[in-house]
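Engineer: Take this structure, written in structure tokens, and hold onto it; I'll ask about it next.
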Amino acid sequence: MASEHSFDIVSKINLQELDNALNQARKELQQRYDLKDSKSAILFNEKDMELTLESASEFTLKAVIDTLQSKLIKRNLSTKILDFQKIEPASQNTVRQKVKLKQGINKETSKKITTAIKELKLKVQAQVQGDEIRVSGKQIDDLQAVQKALLAMDFGVPLQFVNYR
């Protein structure tokens with residue numbers, strides 16, 4: 001039996017589920033009567049991990065965003081992965097908005113998470129390893145308490161826990 005138990009805290013996007021959500025949103029945009037002729041589109045640049053939302057006006061763009069967010073939620077993807085940029089005018093009197101997809105835990109967020117873990121005063125250690133955080137301890141109950149506490153907090157990124165050993 002292992003004397004040390006640990007898990008990793010990661011923030012990754014399930015690309016297959018994202019693709020499914022985008023396809024469902026595109027299909028709904030084509031079928032909705034209020035968006036049919038609005039020149040609305042959702043484009044995905046996988047290389048840059050960026051979405052481009054296009055529509056006839058800011059009002060219909062908001063409907064596109066709502067549709068996208070509802071499809072993400074239905075596919076169990078957090079809307080925290082979306083980083084909306086400013087709305088800009090596009091050709092033929094349309095508007096465009098870039099949406100960057102957030103993946104990984106940056107250094108600033110890692111510090112906040114490790115500080116939050118230390119403030120729990122449990123017998124666990126947290127180590128930052130790139131864009132992941134490894135939490136280890138002798139008691140599984142302590143590790144579960146850390147997971148429960150972190151899920152209750154908001155760090156601006158979706159957190160997943162990967163069992164290590």
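The values are calculated or read from the model by the stated rules, or taken from the named source; none is laboratory data. Predicted, not measured: the structure shown is a model, and the values here were computed from it. Heads up, the Cβs are rebuilt from the backbone with ideal geometry, glycines too, and the neighbour counts pull from every protein chain shown.
Engineer: Which of the residues spanning the stretch 56-68 are more than 17 Å from Ile13 (Cβ to Cβ) and part of a helix (DSSP H, G or I)?
Structural biologist: Glu58, Phe59, Thr60, Leu61, Lys62, Ala63, Val64, Ile65, Asp66, Thr67
Engineer: Also: Output yes when any residue across the stretch 65-73 is closer than 13 Å to Pro158 by Cβ and surrounded by 14 or more Cβ atoms within 10 Å (Cβ to Cβ), and no when none is.
Structural biologist: Within the stretch 65-73, one or more residues are closer than 13 Å to Pro158 by Cβ and surrounded by 14 or more Cβ atoms within 10 Å (Cβ to Cβ).
Engineer: Right, something else. Taking the condition over 30 Å from Lys138 (Cα atoms), aliphatic (A, V, I, L, M) and in a helix (DSSP H, G or I), does Leu18 pass?
Structural biologist: For Leu18, the condition - over 30 Å from Lys138 (Cα atoms), aliphatic (A, V, I, L, M) and in a helix (DSSP H, G or I) - is met.
Engineer: A further question follows. In contact with a helix residue (DSSP H, G or I) (Cβ under 8 Å, 6 or more places away or on another chain), surrounded by 13 or more Cβ atoms within 10 Å (Cβ to Cβ), closer than 16 Å to Val99 by Cβ and modelled with pLDDT under 90: does that describe Ala41?
Structural biologist: For Ala41, the condition - in contact with a helix residue (DSSP H, G or I) (Cβ under 8 Å, 6 or more places away or on another chain), surrounded by 13 or more Cβ atoms within 10 Å (Cβ to Cβ), closer than 16 Å to Val99 by Cβ and modelled with pLDDT under 90 - is met.
Engineer: Look through Leu43, Leu53, Leu35, Leu29 and report the one residue that is free of Cβ contacts under 8 Å to residues at least 40 places away in the same chain and either assigned to a strand (DSSP E or B) or among the β-branched types (Val, Ile, Thr) (or both).
Structural biologist: From the options Leu43, Leu53, Leu35, Leu29, the qualifying one is Leu43.
Engineer: Out of everything in the stretch 112-135 that is farther than 11 Å from Val10 by Cα and of a type in the set (Gly, Ala, Ser), what residue ends up being farthest from the chain's Cα centre (by Cα)?
Structural biologist: Ala126
Engineer: Kindly check whether there is at least one residue in the stretch 7-19 that is surrounded by 18 or more Cβ atoms within 10 Å (Cβ to Cβ) and over 15 Å from the mean Cα position of the chain (by Cα).
Structural biologist: yes
Engineer: Can I ask one more? Could you run through the stretch 137-164 and say how many residues are of a type in the set (S, T, N, Q) and surrounded by 16 or more Cβ atoms within 10 Å (Cβ to Cβ)?
Structural biologist: Counting residues in the stretch 137-164 that are of a type in the set (S, T, N, Q) and surrounded by 16 or more Cβ atoms within 10 Å (Cβ to Cβ) gives 0.
Engineer: Of all residues in the stretch 89-139, which are assigned to a strand (DSSP E or B), within 28 Å of Leu51 (Cα to Cα) and aliphatic (A, V, I, L, M)?
Structural biologist: Ala90, Val95, Val99, Leu101, Ile133
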